[in-house]
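**Q** The structure under discussion is supplied below as structure tokens; questions concerning it will follow.
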Amino acid sequence: MPAALYALALGGFGIGLTEFVIMGLLPEIAADFGVTETVAGYLISGYALAAAIGAIILTAVFSRLDRKKSLLFLMLLFIIGNLLSATGPTYELVMVGRIVAALCHGAFFGIGSVVAADLVPANKRAGAISFMFAGLTIANVLGVPFGTLLGQAAGWRSTFWAITAIGVVAFVGILVLVPGNLARSGNQGIFGEFNIFRSPQVWLSMFVTILGYGGMFGAFTYIAFTLTGVSGFAASSVPWLLVLFGVGLFVGNILGGRAADRHLAATLITVLSVLIVVLVAFALTAGNQIATIIALVLMGGIGFATVPGLQMRIMNHAAHAPTLASGANIAAFNVGNALGAWVGGLTIAAGLGYTSPLWAGAGITVAGLAVMLIATRVRGGEYSTSRATASEPVSVG
């Protein structure tokens, strides 16, 4: 893999830490600022909303800059946001820091996906995207547990200081390793870029992302309740079980990228189908701890195996503005997160038990699979990465 991909992966690692590590630090933050757990939790939801907005708006704004400069500016935004979180004396300033850092999230992965794909031959593009996203999965496997431990041992601000330092290293890595002759993010102008949304395949790709990824995330959002309330694990075991889930994310991301490079449509259809089976099996066997551990790893692996292919699909169907399309799909991931969490929460509130988010996730994924099958029947839907080139136009419609 080109050395530049390691710099992109390090940036993804830092962004993954920023998004997820705060979940383990909420009690300390709530106590420090004298706010309730619910108010502290707004630091998570505020981040997600800002990430979804920034994915589209900032990516469109950066259409006038070359991609390397865009990535450097986004990492600078990331550093400033985490520095505010590390030093902010009030809850409000920490929230501002979270929002500033989140604005770079979607645009970084959106632009970074295009850069990663352009750094390798056409038949390895999805694999390159999965390599960049590996930083995000490693953040879940190793970064979040150790970041939480650091925050608990040295204060929650120490974790954000560490993330700020990672951002600085990633900035230098991108400056030194990413080629300086990359094209601009687009040549259509800010408003011209939005013409991609006239393509049915772009919309279908986004709906597959929302439903296909939302099903897995909806089940994952309430997984701690399932593990303790149904499977009978002690609360102290949950962090280590989530490490296993993160291992699944890492492996699934890599294998999913390789498979998508061979045949994109077949990979997405197969993975979504298997994910439905895994979620149903998990719901049926959640009372058995061994089966739960296996299902947890598979849920992470199969669920995240869709990510490189989903990114590649929308980029293929928006060849004249792949960067904005990629950013829009990152926003779709965040919308899927919110949808899955909302539906899963409704099932629990309805008294259906702590396995109900798994059933709900399976249902949402069925809808995602249906949209994917429809998309392959629409003109241009069988476009495959194996036939793609970095500049090849795509007929969609």
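**Q** Which of the residues belonging to the stretch 285-299 are touching a residue at least 60 places away in the same chain (Cβ under 8 Å) and assigned to a helix (DSSP H, G or I)?
**A** Matches in the stretch 285-299: THR292, LEU296, MET299.
**Q** Something else: Condition (residue is out of contact with any Asp or Glu (no Cβ under 9 Å at 6 or more places or on another chain), assigned to a helix (DSSP H, G or I) and over 21 Å from LEU204 (Cα atoms)) applied to the stretch 265-277: is it met by at least one residue?
**A** So far as the stretch 265-277 goes, yes, one or more of its residues are out of contact with any Asp or Glu (no Cβ under 9 Å at 6 or more places or on another chain), assigned to a helix (DSSP H, G or I) and over 21 Å from LEU204 (Cα atoms).
**Q** So which residues in the stretch 213-237 are surrounded by 15 or more Cβ atoms within 10 Å (Cβ to Cβ), in contact with a helix residue (DSSP H, G or I) (Cβ under 6 Å, 6 or more places away or on another chain) and more than 15 Å from THR285 (Cα to Cα), if there are any at all?
**A** Scanning the stretch 213-237 gives TYR213, GLY214, GLY215, MET216, PHE217, GLY218, THR221, TYR222, ALA224.
**Q** Something else: Identify, by number, the condition in (1) hydroxyl-bearing (Ser, Thr, Tyr); (2) more than 22 Å from PHE146 (Cα to Cα); (3) crowded, with 24+ Cβ neighbours inside 10 Å that THR36 doesn't meet.
**A** Failing condition for THR36: (3).
**Q** Condition (residue is under 26 Å from VAL371 (Cβ atoms), assigned by TED's automatic domain parsing to the domain that holds THR355 and among the small types (Gly, Ala, Ser)) applied to the stretch 279-292: is it met by at least one residue?
**A** Yes, the stretch 279-292 has at least one match.
**Q** Quick check on ILE330: is it in a helix (DSSP H, G or I) and either modelled with pLDDT of 90 or more or surrounded by 21 or more Cβ atoms within 10 Å (Cβ to Cβ) (or both)?
**A** The answer is yes for ILE330.
**Q** Another question about this same structure. Give ILE80, ILE57, ILE15 a once-over and let me know the one that is outside any loop (DSSP other than H, G, I, E, B), of a type in the set (A, V, I, L, M) and surrounded by 21 or more Cβ atoms within 10 Å (Cβ to Cβ).
**A** Unique residue meeting the criteria: ILE15.
**Q** Of the residues that make up the stretch 277-288, is at least one modelled with pLDDT of 85 or more and in contact with a Phe, Trp or Tyr (Cβ under 7 Å, 6 or more places away or on another chain)?
**A** Yes; the residues of the stretch 277-288 include at least one that is modelled with pLDDT of 85 or more and in contact with a Phe, Trp or Tyr (Cβ under 7 Å, 6 or more places away or on another chain).
**Q** What about ALA321, is it buried (at least 20 other Cβ atoms within 10 Å of the Cβ), at pLDDT below 85, in contact with an Asp or Glu (Cβ under 6 Å, 6 or more places away or on another chain) and over 17 Å from VAL141 (Cβ atoms)?
**A** It is true that ALA321 is buried (at least 20 other Cβ atoms within 10 Å of the Cβ), at pLDDT below 85, in contact with an Asp or Glu (Cβ under 6 Å, 6 or more places away or on another chain) and over 17 Å from VAL141 (Cβ atoms).
**Q** Of the residues ALA102, ALA107, only one is in a helix (DSSP H, G or I), buried (at least 22 other Cβ atoms within 10 Å of the Cβ) and modelled with pLDDT of 85 or more; which?
**A** Criteria check complete, one pass: ALA102.
**Q** Would you mind finding the one in GLY361, GLY353 that is modelled with pLDDT of 85 or more, of a type outside the set (Phe, Trp, Tyr) and part of a loop (DSSP other than H, G, I, E, B)?
**A** After ruling out the rest, the residue left standing is GLY353.
**Q** Of the conditions (1) part of a helix (DSSP H, G or I); (2) crowded, with 19+ Cβ neighbours inside 10 Å; (3) modelled with pLDDT under 85; (4) more than 20 Å from the chain's Cα centre (by Cα), GLY381 fails just one. Which one is it?
**A** (1)
**Q** Of everything in the stretch 83-96, what is more than 17 Å from THR159 (Cβ to Cβ) and part of a helix (DSSP H, G or I)? Give them in sequence order.
**A** Of everything in the stretch 83-96, those that are more than 17 Å from THR159 (Cβ to Cβ) and part of a helix (DSSP H, G or I) turn out to be GLU92, VAL96.
**Q** Also, I was wondering about something else. Determine if the stretch 122-129 includes at least one residue that is of a type in the set (A, V, I, L, M, F, W, C), more than 15 Å from ILE254 (Cα to Cα), in a helix (DSSP H, G or I) and outside the structural domain of ASN316 (by TED's automatic domain parsing).
**A** yes
The values are calculated or read from the model by the stated rules, or taken from the named source; none is laboratory data. Everything quoted here is computed from the prediction, not taken from an experiment. Neighbour counts run over all protein chains shown; Cβ positions are idealised from the backbone, glycine included.
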